[in-house]
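Read the structure below first, then the notes.
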Amino acid sequence: MGGQRYDGKVAWITGGANGFGAGVARRLSGLGASVVLSDIDVDNGEKVAAEVGGTFVRCDVTSYDDNTAAVRSVLDAHGRLDIAFLNAGIATGVGIGVDFDLARYRLAMGVNLDGVVFGMQAALGAMKERSGEIVATASLAGLTSVPFDPFYGANKHGVVGLVRAVGAAYAQQGIHVNAICPGFADTNIVSAEAREALASIGVPLLNVDRVVDAFVAAIESGEGGQCWYIQPGRDIEPFRFRNVPGPRDDSGARVSDTAGDVQQTLVERGAH
Ligand SMILES: NC(=O)c1ccc[n+]([C@@H]2O[C@H](COP(=O)([O-])OP(=O)(O)OC[C@H]3O[C@@H](n4cnc5c(N)ncnc54)[C@H](O)[C@@H]3O)[C@@H](O)[C@H]2O)c1
């Protein structure tokens, strides 16, 4: 894994000041890419950018305009964008029912879902008529039920749904859109209480390097619309979704095998 070089390629990374974003910045720059980091953590963003010989552009991913401006500055500086890692994210910290908090709900959806949508919109515009790799950081929380943080589960499922929808269409144009879905990893986002609870049942935290390996596997896969899950001690691979059974007509006769076949018909007919 990671045998490929990225000399001459340009990567834009959101949430690049810490954790996975900084890890991917280090790996890609080590493999020859030019890296542009974005974050709201300016101090660490500038530090990582200096370390990897890249640049830092402040971008609050909840802002459509910030995303557009960040990608424009990548194009102004480098004339191209080859890789976009849409990775900024936060934990929600509130639930539904007793401890709902509108501002925190909006912020969590704004960073974790709007941030990916806006980043993807900006990156796809910059990659028009050329190949490109877009990877969004979802989570295992986008593949499983997350009772301890329902909005995190909702926005990460949103990212998974977005990537699966966009991935197939853009792969035909040479732009691969994938997601990585890490389990709990050793970064700032995992609270002390969560670390303690996981340790008490013997669940190890992933190290950042394993997640970076998954990122590299995704961009070197030549596929789109895949959601690569990462669990300690297991191989890194795309999650295989079970097909939803297809509809029957009024008489109970089979119409199509899977719901996916129906979606495919809508794509082929250009329906929205
Ligand atoms: N660490 C884990 O256990 C884990 C597991 C699965 C998924 N994830 C996801 O991985 C991604 C990266 O998180 P991490 O684990 O590296 O944590 P991290 O806290 O180290 O990094 C997240 C980065 O996002 C930045 N950020 C937050 N709000 C932002 C905004 N509005 N605009 C721009 N940047 C913003 C932060 O400043 C930080 O640098 C997130 O999307 C997170 O949800 C983390």
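No lab work stands behind these numbers, since they all come straight from the coordinates. It should be emphasised that the depicted structure is a prediction, and the values quoted were computed from it without experimental measurement. No Cβ is skipped: glycine too gets one built from the backbone with ideal geometry, and neighbour counts run over all protein chains shown.
Below are the figures for this structure:
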read-out	value
Kyte-Doolittle mean at least -0.5, axial Cα span of 24 Å or more - DSSP H helices of the chain	150-171
The stretch 131-209-the stretch 211-262 distance, computed between alpha-carbon centres (Å)	15
Percent antiparallel among DSSP beta bridges (both partners in the chain, rounded to 5)	15
Contact order relative to length of the chain, as percent, for alpha carbon pairs under 8 angstrom and 6 or more apart	15
Cα pair distances in the chain, grouped into 5 Å bins until the bin that holds the longest one, percent each	1, 6, 12, 17, 19, 16, 12, 8, 5, 2, 1, 0, 0, 0
Sorted peptide list for 84-95, 25-36, 222-233, criterion being average Cβ within 10 angstrom, highest first	84-95, 25-36, 222-233
Order by protection proxy (mean Cβ within 10 Å, highest first), peptides 7-16, 243-252	7-16, 243-252
Cross-link partners of Lys128 among lysines (Cα-Cα below 17 Å; sequence separation of 8 or more within a chain)	Lys9
